[in-house]
Amino acid sequence: MTPSERPPWRRDPFIAAVGIAAFVGLLMTLPVPEPADPPGGPLPETTFAVVDVAVFDGEEFRPHRDVWVEDGRIRAVGQRLRLPDDLPRVDGGGHTLLPGLIDAHTHTYGLVLTDALRFGVTTVFDQFTSPSILVQKRAAREDLSRGNEADLFSAGNVATAPGGHGTQFGVPIATLTTAGEASTFVRERKEEGSDWIKIIWEDGGTFGADIPTLDRETIAAVIEAAHAEELLAVIHVSTLEHGLAALEMGVDGLVHVWGDEVISEEDASRFAEAGVFVIPTLSVRVAAAGESLGPDLLEATAPEYVSPMQRQTLTQTFPRPVGTSEASIESVRRLHAAGVRILAGTDAPNPGTGFGISMHGELRLLERAGLTPAEALAAATAHPPAAFGIEDRGRLQRGRIADLLLVAGDLEGDLTRTTAIAGVWKDGFPVEAAWATSPEPR
């Protein structure tokens, strides 16, 4: 296909705007906590302790803990640690300390990694970006020096058909058409730095379009080739039928939950038994249904902490609403109840979402889908690196990178308080945080 040729689906502004977004949503008002202040003035860096703080360690809440950071890594977590007399301390009384949040579904460009970090998102798992961006950002993952961006892991170039979903964004990408091309395609992605392989299975049927997409034989071959190269294979689907078919093909994870029908409890158990994880991206499903959380998130945040790019994407809307929230919310509820590992991801910067800031809305949507505060926070901290085989972040334990989020109040009792940010550290260095401004929850 020449650059001047455009398949019919690319001429429909709604389909183009949907981009990587899913199609079902939920209206949900975002509570706004009272302002948070740094506990005791300027925050220390690289070597310090946060003392007598309620900790969420990536799995559960633990009260009255000390967290000792040394040279940008966590040295110890415990009660009444024997700390050096000259060690700088942050009084964590009345606060909760947790690992930096990890957004498991984003698309990176421009300055969005700085936007993410300002809201306590210290790592993003990107599900499609230019391979050149991944190459530029890779070194920061291993470097504990001061920086102003979240760390980036990415699938890089997606596996899609010529003219298929993913080709409409102006990013030159490689495509494939047959199962016989799968091994070469995957090997080339690995050589250019992809951390895993993302597959697009999107024919546009759920919103009345006809989009070129990979056939089942090719999808199965890409999954097999990824595993042969010791890479995970994740897949974009928008229907339950495709999700169940991908399960049978041996996929490792779904990067959206469907919205066309509710999964049965039996099929939910099949996902759990296979160890397949799911990133529901409820934030963008809300926006696609015309019920975006974007305005609530903006109202909850001081204007000076919102970048022009965040404001632009949070206020954008889809050309016309599609669907309702019931199927996707109930499917997440059933998947979670069956024991499927749920990962928090926003699909930023699609319309109605913003890098970093939308993770706080995603947590509330996961709670609406039946996760407890601890389970929702695990979906945004410990679960993403565990699912993707990354061992240096996501938990508060010895040896992990000191990516930290400090919030005012009790998250176990009130998950909405994640926006009451009192401090963010990246690799042990404090960063400018966004603070809530409204005095009372709505």
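Here, each number is a calculation from the coordinates, and none is a lab measurement. These numbers were taken from a predicted model, which means no experiment stands behind them. Here the Cβ is made from the backbone with ideal geometry for all residues, glycine too, and neighbour counts use every protein chain on show.
Numbers at a glance
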read-out	value
Shape box of the stretch 196-325 [Cα atoms, principal axes, largest first, Å]	48, 32, 31
Gain on full stretching of the segment that runs from Arg187 to Arg82 - 0.36 nm per residue minus C-alpha separation	32.8 nm
Beta bridges per DSSP with both ends in the chain, % antiparallel, nearest 5	50 percent
Distant-in-sequence amide H partners of Thr123 (H built 1.01 Å from N, under 5 Å)	Asp103, Asp151
Gain upon complete extension [Ala274, Thr372; 0.36 nm per residue less C-alpha separation]	32.9 nm
Hydrodynamic radius (Kirkwood) for the chain, which is based on Cα pairs only, to one decimal in Å	21.7 Å
Which of Pro308, Thr122, Val135, positive extreme of dipole for the chain (C-beta unit charges)	Pro308
Point-to-point label distance, Arg320-Arg216, nm (Cα→Cβ direction, 7 Å offset)	3.1 nm
Computed FRET value (nearest 0.05) for Glu230 with Ala302, which takes r as the C-beta separation and R₀ as 51 Å	0.70
Max mean-square fluctuation residue, GNM over the chain, Cα-Cα springs under 10 Å, options Gly361, Gly100, Gly275	Gly275
Amide H partners (placed H, <5 Å) of Ala49, local residues excluded	Val69, Arg89, Val90
Cα centre as origin, Lys/Arg/Asp/Glu Cβ charges: the chain dipole, Debye	520 debye
Under-5 Å amide H pairs with Arg65, H placed in peptide plane, nonlocal only	Asp52, Val53, Ala54, Val55
Volume per residue of the C-alpha convex hull in the stretch 270-406, rounded to whole Å³	122 Å³
Percentage relative contact order, the chain, counting C-alpha pairs under 8 Å, at least six apart	26 percent
Listed residues Ala402, Met359, Gly389: farthest to the positive end of the dipole of the stretch 320-442 (Cβ charges)	Gly389
Two-site label geometry, Glu432 and Glu266: point separation in nm, points 7 Å out along Cα→Cβ	5.7 nm
Reachable lysines, given that their alpha-carbon falls under 22 Å from the alpha-carbon of Lys198 and they are not under 8 places away in the same chain	Lys137, Lys190
Total formal charge among the other residues, if their Cβ is under 10 angstrom from that of His64, Lys/Arg +1 and Asp/Glu -1	+1
Gain in span if fully extended, Leu144 to Arg311, counting 0.36 nm per residue against the direct Cα distance	57.1 nm
